Amino acid sequence: MTLQLETAADKTTTAEPATAGRRTKGRRAPKTGWKAAIKRDWRLYTLIILPLLYFLVFRYLPMIGNVIAFRRFRPGGNIFGETWVGFQYFQLFINDPSFWQAFQNTIILGLLTLVFTFPMPIIFALLLNELRSRRLKKFVQTAAYLPHFMSIVIIAGMILQIFSLNGTINQISQALFGTTVNFTQDAGWFRPMYISSEVWQTMGWGAILYLAALTRVDESLYEAAKLDGANRWQQTWHVTLPAIRPTIITLLILNIGTFMAVGFEKILLIYNPLNYATSDVISTYLYRVGLESSNFSYAAAIGIFESVIGLTLILSANALSRRLAGTSLW
Amino acid sequence: MVKGTIVKETMLPRKERTDATPKRTLRDDPAFRTAPALRESTLMKAFRAFNILFLCAVVFITLYPFLNIIAQSFSSEGYINSGQVNLYPKGFNVETYKVILADGAFWRNYGNTVLYTVVATAISMVLTTSFAYAIAKKDLKGRGLFIGLAVFTMFFNGGLIPNYVLITSLGMRDTIWAIVLPNAISVFNLLIMKSFFENMPRELEEAASIDGLTQYGILFRIVLPLSKAIVATMVLFYAVANWNSWFSAFLYLDKPDLFPVTIYLRNMIAGVTTAGSAGGTAENVDQIAANIQSVTIVLTVLPILCIYPFVQKYFFSGVMLGSVKE
C-alpha cells in the first residue's frame with residue numbers, strides 16, 4: 001500500500017506467495033495455445049485487464065522510473081529524465097556524510113526493532129495461551145489489537161503527548177527522580193521513544209499468527225510429553241515452540257525484508273531537526289532531499305540503494321533459513 | 001501455514017526422551033510420588049496468578065494512551081500544562097469540542113475522509129475481486145505470470161521518488177485520484193481472496209456452467225453470493241486502511257479543502273496549523289495545543305472505536321484465512 005507497504009498487510013504476510021508460486025508450476029493445464037485459451041476464457045481475461053493495468057501503471061512503471069537515478073531530471077519534464085549522467089548521483093550520496101548518518105541510524109533502529117519488537121508477540125501469544133478463562137483471553141486480545149487499527153497520525157499524536165514535557169512519562173519521572181526530560185527534542189531519547197512505542201503498537205496484533213499456529217498444535221503431543229514427565233515449562237520448550245517454529249521463521253524473514261523501511265511514516269511524524277542525529281533514517285533523508293529540496297535524481301539513487309539492500313536482505317534471510325531451518329518463503 | 005512440517009518438527013528429540021525416563025522411575029517411588037506434583041502445582045498457581053496480573057498490566061498499558069487522550073480532551077489547559085491529567089479529566093469542560101465542532105475546515109476534511117474511504121474501497125474491491133477470481137482458476141493460461149507480477153511487488157517497489165514523479169506527471173495532484181488509485185490493490189488482500197476462491201467446491205461452478213451460466217454469471221450469481229463473509233472482511237480491511245491513510249494526501253494534496261481529517265490532525269501536530277487558527281488566542285496557543293490535539297484525535301478515532309468491538313472478529317478471521325494453507 002503506502003510506502004511502508006501497508007503495515008498491516010506487511011507484517012502479517014505469510015508463506016502464501018511462495019506456496020502459490022510453487023503450486024502453479026505443478027498444476028499447469030495441459031499445453032493449450034494462447035489463442036485457444038483466450039477463446040475459452042476471454043471473460044476471465046477481461047476481468048484481469050483493469051487490475052493488470054493497475055499493476056503495470058502504478059507498480060511497474062515507477063520501477064522503470066528509477067532510471068532517473070542515472071539521468072538528469074527536470075521537474076515537469078519527461079518522467080524518465082533528459083540526459084544520461086551515469087553514476088554521478090550515486091557518487092554524490094556515497095560522499096555525503098548526512099547519508100551515512102541516516103544509514104547508520106537505519107541499521108541501529110532496524111536492529112533494535114528486530115531485537116525488541118520481534119520476540120514480544122511470541123511471548124505475548126504464549127502467555128495468552130496459558131490463560132484458562134476464555135473471556136479474559138478474549139478481553140486481553142481485543143484490547144491488545146486496538147493500536148493496530150489506529151492511524152499512524154493518531155499514534156504519533158499520542159506518542160508526542162505521552163512523552164511531552166507535561167506528559168505521563170515525565171510525571172512519573174518527576175515523582176521518582178524529581179527531574180523532567182525533554183524526550184521529544186533530545187536526540188539521546190529518540191531510540192527508546194521509538195522502540196517502546198513500536199512494541200506498544202505491534203505486540204498485540206503481531207501475536208495473531210502465533211495464536212493461530214498455537215491452536216493447531218496437536219494435543220496428543222502434550223499428552224505424550226506429560227507421560228514423559230515434562231512439566232509445563234518443558235512442554236512449552238519442547239512441544240509448543242517447535243510447533244510454531246515455521247511461523248516464527250516466516251515472520252522473521254519478512255521482518256528482515258522490511259528492515260530498511262523502518263517505520264518511515266512514524267518517524268516522519270515524530271522526528272524533528274533537534275534529534276536528526278539519531279532519528280533521521282534513509283527513507284526520511286530521501287524524503288527530505290527528494291521532495292523538500294527537489295533533488296529527484298539524487299533521491300532516486302538513494303532509493304535504489306535502499307531497495308537493493310532490502311531485496312538482498314530478504315533473499316539471504318530466506319536462503320539462510322532454508323539451509324539452517326528447512327523452512328523458507330520460497 | 002506449511003502444515004506438514006509441524007508434526008515432523010515437534011517430535012521430541014531422542015535425547016530428551018531418554019533424559020525423561022529416569023524421572024518416571026523416580027516418580028514410581030512412593031516418597032517422590034506426591035512431592036514434585038505438589039511443588040509443581042503451587043508453582044503453576046503462582047505462575048498463573050502472575051500471568052493474569054501481567055496480561056492485565058499489558059491491557060492497561062495498551063489502553064492508557066487512549067484514556068489519557070480522552071481525559072485531556074475534557075480537561076482545562078491549566079491542568080494539562082501542569083502535568084496533572086492522567087486517567088480522568090480535571091477541570092472538566094467541553095469548550096474545545098465546541099470550538100472544533102464549529103470549525104468548518106474540520107468538517108470539510110472529515111467529509112473528505114468519508115468520501116475517499118468510500119470511493120477507494122469501492123475501487124479496491126472491484127479490482128481485487130476480479131483479479132483474485134481470475135487467478136484462482138487453476139487452468140487459466142498465464143496464471144503463474146499474473147500471480148508472479150502481483151507477488152513481486154510485495155518485495156520490490158518503485159520507491160518514493162518515481163511514484164511521486166509518476167502521479168505528478170499523470171496530472172493527479174490535487175485530485176481524488178491521487179488518493180484512491182495508487183494503492184488500490186493490496187497484494188496481501190488479493191492473496192487472501194484468491195485462496196478463498198480456490199477453496200470453493202469446484203462442483204458448484206461446474207454445475208452452474210452445465211446449466212449454461214457464463215464465467216460472468218458464475219461469478220456474480222454463484223460465487224459472490226457465497227463469498228459474503230470474505231467480501232465483508234476485505235471491505236473492512238480496505239476501509240480501515242483508507243480511513244487511516246495520510247501519506248498520499250500529504251504528498252499529493254496542496255489545497256486544504258481536499259485534505260482528509262488525518263492531514264488536519266497531522267498539521268496540528270506538526271504545528272503548521274497553529275491552535276490559533278482553530279479558535280485560540282496568540283498567548284495561549286501552545287497551552288491549548290495539547291487540548292485541541294486530544295479533541296481532534298478523539299473525534300477522528302471515534303468511528304473506529306465504535307465499530308471496532310463488533311468487527312474485530314472479521315479482521316481476525318481474515319488474517320486466519322490468509323495464513324492457513326492446506
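For residue A:142, the test of being within 8 Å of chain B (Cβ to nearest Cβ), assigned to a helix (DSSP H, G or I) and either touching a Ser or Thr at 6+ places or on another chain (Cβ under 9 Å) or open to solvent by 10 Å² or more (accessible area, probe 1.4 Å) (or both) is passed. Looking at A:217, A:181, just one residue is among the aliphatic types (A, V, I, L, M) and within 10 Å of chain B (Cβ to nearest Cβ), and that residue is A:217. Inspect all residues belonging to segment A:225-242 and state whether any of them is within 30 Å of residue A:107 (Cβ to Cβ) and more than 7 Å from chain B (Cβ to nearest Cβ). Scanning segment A:225-242, I find at least one residue that is within 30 Å of residue A:107 (Cβ to Cβ) and more than 7 Å from chain B (Cβ to nearest Cβ), so the answer is yes. Taken over segment B:128-144, the criterion of being more than 7 Å from chain A (Cβ to nearest Cβ) and either touching a residue at least 40 places away in the same chain (Cβ under 8 Å) or charged (D, E, K, R) (or both) is satisfied by B:128, B:129, B:132, B:135, B:136. On the given criteria, is residue A:286 buried (at least 23 other Cβ atoms within 10 Å of the Cβ), modelled with pLDDT of 90 or more and assigned by TED's automatic domain parsing to the domain that holds residue A:134? So residue A:286 passes the test. Scanning segment B:80-129 for residues being closer than 30 Å to residue A:173 by Cβ and not in a helix (DSSP H, G or I) gives a total of 12.
Only one of the numbered conditions (1) touching a helix residue (DSSP H, G or I) at 6+ places or on another chain (Cβ under 6 Å); (2) open to solvent by 20 Å² or more (accessible area, probe 1.4 Å); (3) in a loop (DSSP other than H, G, I, E, B) is violated by residue A:165, and that is (1). Does segment A:108-129 contain any residue that is over 28 Å from residue A:276 (Cβ atoms), surrounded by 16 or more Cβ atoms within 10 Å (Cβ to Cβ) and free of Cβ contacts under 8 Å to residues at least 24 places away in the same chain? Looking through segment A:108-129, at least one residue is over 28 Å from residue A:276 (Cβ atoms), surrounded by 16 or more Cβ atoms within 10 Å (Cβ to Cβ) and free of Cβ contacts under 8 Å to residues at least 24 places away in the same chain. When you look at residue A:184, is it in a loop (DSSP other than H, G, I, E, B), in contact (Cβ under 8 Å) with a residue 40 or more places away in the chain and either within 22 Å of residue B:51 (Cβ to Cβ) or out of contact with any Pro (no Cβ under 7 Å at 6 or more places or on another chain) (or both), yes or no? For residue A:184, the condition - in a loop (DSSP other than H, G, I, E, B), in contact (Cβ under 8 Å) with a residue 40 or more places away in the chain and either within 22 Å of residue B:51 (Cβ to Cβ) or out of contact with any Pro (no Cβ under 7 Å at 6 or more places or on another chain) (or both) - is met.
The values are calculated or read from the model by the stated rules, or taken from the named source; none is laboratory data. Just so it is clear, the structure is predicted and the values come from calculations on it, not from any experiment. With ideal geometry, Cβ positions are generated from the backbone for all residues, glycine too; neighbour counts draw on all protein chains shown. SASA here: full protein model, heavy atoms, side chains in, ligands and nucleic acids out. Shrake-Rupley method; radii C 1.70, N 1.55, O 1.52, S 1.80 Å.
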